[in-house]
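First the structure, in the form of structure tokens, and then the observations on it.
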Amino acid sequence: MSTVYLNSFKQISVQKPLSEDWINNPQNFENQKLVRTQDPDFKSLLPANVCRRNGNILKRAMIVSNFALKESGLESVEAVVVGSGLGCVENTELFLQELVYEGEEFMKPSYFMASTHNTISSTIGINLGCHGYNSTYCHKGVSFENALLDVFLQIQMNRIKSAFVGGFDEMSPTYFNILQNAGYLVGDSKGFAGEASAGGILSNMLTDNTLCKVAAVRLGFMLNDDELLDLLDVTLTDAGLQKSDISAVMTGINGKPSSDAIYHKNLELFGIQAPTLGYAHLFGESYSGSVYGFYASAVSLHQNKIPQVLFLDKEVENQSVQNPKNILIYHHFNNKDHSFIILQRC
Amino acid sequence: MKIFVTGIGAISAIGNNCNEIFHSLKNGISGISKLEFLKTIHSEFPCGEIKMDYNQLADFAGFDNQKTLVRTPLLGLIAVKEALNSAKLYSKSDLKIAFVSGTTVGGMDRMEQFYDDFVNNDSKNFYLYPHDIGDSTEFIAENIGLFSSVMSISTACSSGANSLIIGAELIKSGRFDIVVAGGAESLSLYHFNGFNSLKILSAEMCRPFDNFRSGLNLGEGAGYLVLESEKAVTQRNAKPLCLLQGYANTCDAYHQTATSENGDGPFLAMQKALELGGLKPSDIDYINCHGTATPNNDLTEGRAMKRIFGENMPDFSSTKAFTGHTTSASGGLESVISVMCLVNDFLPINLNFHDPIPELNISPLTENKTKVLHHVMNNSFGFGGNDSSLIFSKI
């Protein structure tokens, strides 16, 4: 089996785009419910006709994939796999509104054409000139983890040597309200909903730019406590580790009481003696928002230090973990979907 | 490592189960008809509509909670149940079983009915839930209760095929012994009007590969396969139907809704599927084509087929004039059809074909044919240039 390395990862988010500025200058979004993406200057990064023709999420996808490929040092990738819970929901809504409010008579194709969920991965495929494997996973809060698992297995099994993998979601104000009414997203919480646009290059090659090793990826569905513990054990075994080897546990704790309670219960069940980290207070929540937990963990390993801003227990001052070796990333969605990832320092 | 197919299940406009579908194929009975259940002003476009409403589908699926009826997951549940019965897979014992499902429409049927209500009045919010794709998958999985892992794929019209591909890979990786994979898609005003706005719907019965083809007929349905490792087959004493021998997912990387001139994506998909299966083009006995009957698809798929098979074109047909184009379900549904053809040594005809496309000069089957089949190829090509090809082989 080939080893899987993360050779680059770039983000556009509610924080300063395409940078790690959030570590030292995190922007605070307290008391906001929906925070939209802080976009880079599209016009300086993409040709004018490309900017005109494509929606924001596609522009973000092109820029993230361009920067990720460049930073990876690779010339091309053999696959593109994307996780996106809702796909191109802005165009979906525009077409839907036309259908619902103006009727079926004179519908135009442009919104429809760019509304299928796989528009993002195919746009990246066209952008990177990649004719290889191309897929899109849409599975609620583990959409990115679905995509990551696919690429992870394919590199391990030597089907491919390299791939772009990312998580992308956008959130319109109307759609946000709909989801809020349905009890989704932040709901009653202190956290906020954001959008997601982040991705990077995985390959079987260790390079000068490699951020970390991806040592394990596991998914579970509708597990009882014993099954969840079994899944954790298998995850650790995949990485050749024991609980005591874990430097920190990255979670999707986001200030939503119903969801956080499950995190706290399960963390206690795991019994791992390591600090708990979070990213949702920085990047917000969205279906594929967990991509930022992956990203922040990778950056921490690469920089040999887990920054203070990722620690959830604000009571303890000046926390940081120097020289972290292994970060376990755990997510659940509605306590139905569970995912474990282990990232390891190279 | 071998991937065994041990069960199949499907529903479409030509039958509510595999036997009915096979009977319609053998007897040349098309399911394309005037729409009754999808309420549209464009009733001039016939579709492969399943003639059951929400409650009838729920009854048929054995689902008795009336609150959250959504068409796509109900179709999926019906097909998955049949696939599990066909594989005689009723309990998980100590085997690891995963579920991978493809759809794009998901709960859009309910979203478009209640959108205004969602925005302005939240009284029907329970319908919100099923709008996203993952929810269709989880609805099916929760009603079956055998799966310890689920994944959802959306690559438009190749979603079902790509679910089968990752399903096979999950088994080959050793993580799962059994994976149930395929796709489901209901008709919705959303994509019906989307396809109409692209001017690719035909007001006539569709004519795949015909020179005077005038576009596609949409359809709806579901198709799922039970894939198993040798270990699981032995342990369960299962009766395999065939092997999923080869598969490939490629990207045309050309345009969102059109295939490149020479069908580069489709060509690569077929080529790589043969390669993975350790097969030569001459090993393929029959191709169940994507064959949507749009001008662009049939020309480019035909060009890609000629690039692969040259002058030795195997027997081929598109069964979309029977079922309509079931979009995300098509890779699953047509895989089920391919498996039934392989097992029964039967080749279905391509309805409504009269005149070959002059440039290609190739003709699909127009008369039923019986011959010994060893390897059957199934093509699925989607928006975004997500092109996939699968090969099913006799054991």
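Checked against the criterion of being of a type in the set (Asp, Glu) and open to solvent by less than 10 Å² (accessible area, probe 1.4 Å), the range B:88-107 contains not a single residue that satisfies it.
For the range B:241-256, filtered to residues that are in contact with a helix residue (DSSP H, G or I) (Cβ under 6 Å, 6 or more places away or on another chain) and open to solvent by 40 Å² or more (accessible area, probe 1.4 Å), the residue that is modelled with the lowest pLDDT is B:TYR254. Condition check: more than 14 Å from chain A (Cβ to nearest Cβ), of a type outside the set (Asp, Glu) and on the phi > 0 side of the Ramachandran plot. Does B:GLY31 satisfy that? So B:GLY31 does not fit the description; no. For the range B:173-228, a residue qualifies if it is closer than 17 Å to B:PHE4 by Cβ and either among the aliphatic types (A, V, I, L, M) or crowded, with 23+ Cβ neighbours inside 10 Å (or both), and the qualifying residues are B:PHE176, B:ASP177, B:ILE178, B:VAL179, B:VAL180, B:ALA181, B:GLY182, B:TYR224, B:LEU225, B:VAL226, B:LEU227, B:GLU228. Please work out which residue is farthest from the other protein chains (Cβ to nearest Cβ), limiting yourself to the range A:98-122 and to residues that are under 25 Å from A:GLY289 (Cβ atoms), of a type outside the set (Gly, Ala, Ser) and more than 18 Å from the chain's Cα centre (by Cα). Ranking the qualifying residues of the range A:98-122, first place goes to A:TYR111.
Checked against the criterion of being out of contact with any Pro (no Cβ under 8 Å at 6 or more places or on another chain), aliphatic (A, V, I, L, M) and within 14 Å of chain A (Cβ to nearest Cβ), the candidates B:ALA329, B:ALA258, B:ALA304 yield just one match: B:ALA258.
Applying the condition of being open to solvent by less than 10 Å² (accessible area, probe 1.4 Å) and part of a loop (DSSP other than H, G, I, E, B) to the range A:73-85 and asking which residue is nearest to the other protein chains (Cβ to nearest Cβ) yields A:GLY85. Annotation note: Cβ proximity below 9 Å between a residue of the range A:193-218 that is among the basic types (Lys, Arg) and a residue that is at pLDDT below 95 and part of a strand (DSSP E or B) (sequence gap 6+ or interchain) occurs for no pair.
Considering only residues that are modelled with pLDDT under 95 and either in contact with a strand residue (DSSP E or B) (Cβ under 6 Å, 6 or more places away or on another chain) or surrounded by fewer than 15 Cβ atoms within 10 Å (Cβ to Cβ) (or both), which ones fall in the range A:1-31? Even if it seems obvious, please write down each step before you answer.
Within the range A:1-31, the first condition is being modelled with pLDDT under 95, and the residues that meet it are A:1, A:28-31.
Result: A:MET1, A:ASN28, A:GLU30, A:ASN31.
For the structure I just gave you, tell me whether A:LEU206 is at pLDDT 95 or above, surrounded by fewer than 20 Cβ atoms within 10 Å (Cβ to Cβ) and under 30 Å from A:SER76 (Cβ atoms). Yes. Is there a residue in the range B:175-186 that is of a type outside the set (A, V, I, L, M), facing chain A (nearest Cβ under 10 Å) and not in a loop (DSSP other than H, G, I, E, B)? No; the residues of the range B:175-186 include none that is of a type outside the set (A, V, I, L, M), facing chain A (nearest Cβ under 10 Å) and not in a loop (DSSP other than H, G, I, E, B). Being assigned by TED's automatic domain parsing to the domain that holds A:ILE160 and touching a residue at least 12 places away in the same chain (Cβ under 8 Å) is not true of A:VAL100.
Whether any residue in the range B:276-285 is within 18 Å of B:HIS325 (Cβ to Cβ), in contact (Cβ under 8 Å) with a residue 24 or more places away in the chain and assigned by TED's automatic domain parsing to the domain that holds B:LEU351 is what I want to check. Before the answer, list the steps.
Of the range B:276-285, the ones within 18 Å of B:HIS325 (Cβ to Cβ) are none.
There is no residue in the range B:276-285 that is within 18 Å of B:HIS325 (Cβ to Cβ), in contact (Cβ under 8 Å) with a residue 24 or more places away in the chain and assigned by TED's automatic domain parsing to the domain that holds B:LEU351.
Here B:THR327, B:THR319 are screened, and the one residue that is within 20 Å of B:THR259 (Cα to Cα), among the β-branched types (Val, Ile, Thr) and open to solvent by less than 10 Å² (accessible area, probe 1.4 Å) is B:THR327.
Starting from residues that are in a helix (DSSP H, G or I) and of a type in the set (D, E, K, R), keep the ones in the range B:314-366 and report whichever is farthest from B:PHE192 (Cα to Cα). Filtering the range B:314-366 for residues that are in a helix (DSSP H, G or I) and of a type in the set (D, E, K, R), the one farthest from B:PHE192 (Cα to Cα) comes out as B:GLU334. Consider the range B:1-29 and keep the residues that are small (Gly, Ala, Ser) and surrounded by fewer than 21 Cβ atoms within 10 Å (Cβ to Cβ). The one that is nearest to the chain's Cα centre (by Cα) is B:SER24.
Return the total of residues in the range B:164-174 being outside any helix (DSSP H, G or I) and either facing chain A (nearest Cβ under 8 Å) or touching a Pro at 6+ places or on another chain (Cβ under 8 Å) (or both). Total satisfying the criteria: 1. Out of contact with any strand residue (DSSP E or B) (no Cβ under 7 Å at 6 or more places or on another chain), open to solvent by 30 Å² or more (accessible area, probe 1.4 Å) and acidic (Asp, Glu), is that true of A:GLU285? Judged against the criteria, A:GLU285 is not a match.
Take B:SER101 and tell me if it is in a helix (DSSP H, G or I), of a type in the set (Ser, Thr, Tyr) and in contact with a strand residue (DSSP E or B) (Cβ under 7 Å, 6 or more places away or on another chain).
Details: in a helix (DSSP H, G or I): no; of a type in the set (Ser, Thr, Tyr): yes; in contact with a strand residue (DSSP E or B) (Cβ under 7 Å, 6 or more places away or on another chain): yes.
Here the answer is no, as B:SER101 does not meet what is asked.
In the range B:38-53, what residues are more than 14 Å from every other protein chain (Cβ to nearest Cβ) and surrounded by fewer than 17 Cβ atoms within 10 Å (Cβ to Cβ)?
Filtering the range B:38-53 down to residues more than 14 Å from every other protein chain (Cβ to nearest Cβ) leaves B:46-53.
Those that are more than 14 Å from every other protein chain (Cβ to nearest Cβ) and surrounded by fewer than 17 Cβ atoms within 10 Å (Cβ to Cβ): B:LYS51, B:ASP53.
One line per residue, one yes/no per condition, for (1) modelled with pLDDT under 95; (2) within 14 Å of chain A (Cβ to nearest Cβ); (3) over 25 Å from A:SER143 (Cβ atoms):
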position: B:ARG71; (1), (2), (3): no, no, no
position: B:MET111; (1), (2), (3): yes, yes, no
position: B:VAL119; (1), (2), (3): yes, yes, no
position: B:LYS124; (1), (2), (3): yes, yes, yes
position: B:PRO130; (1), (2), (3): yes, yes, no
position: B:THR137; (1), (2), (3): no, yes, no
position: B:GLU142; (1), (2), (3): no, yes, no
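The values are calculated or read from the model by the stated rules, or taken from the named source; none is laboratory data. Everything numeric here is computed off the predicted structure, so don't read it as measured data. Virtual Cβ from ideal backbone geometry, glycine too; neighbours counted across all protein chains shown. To get the accessible areas, we keep the full protein, side chains included, count just its heavy atoms, and leave off ligands, DNA and RNA. Shrake-Rupley method; radii C 1.70, N 1.55, O 1.52, S 1.80 Å.
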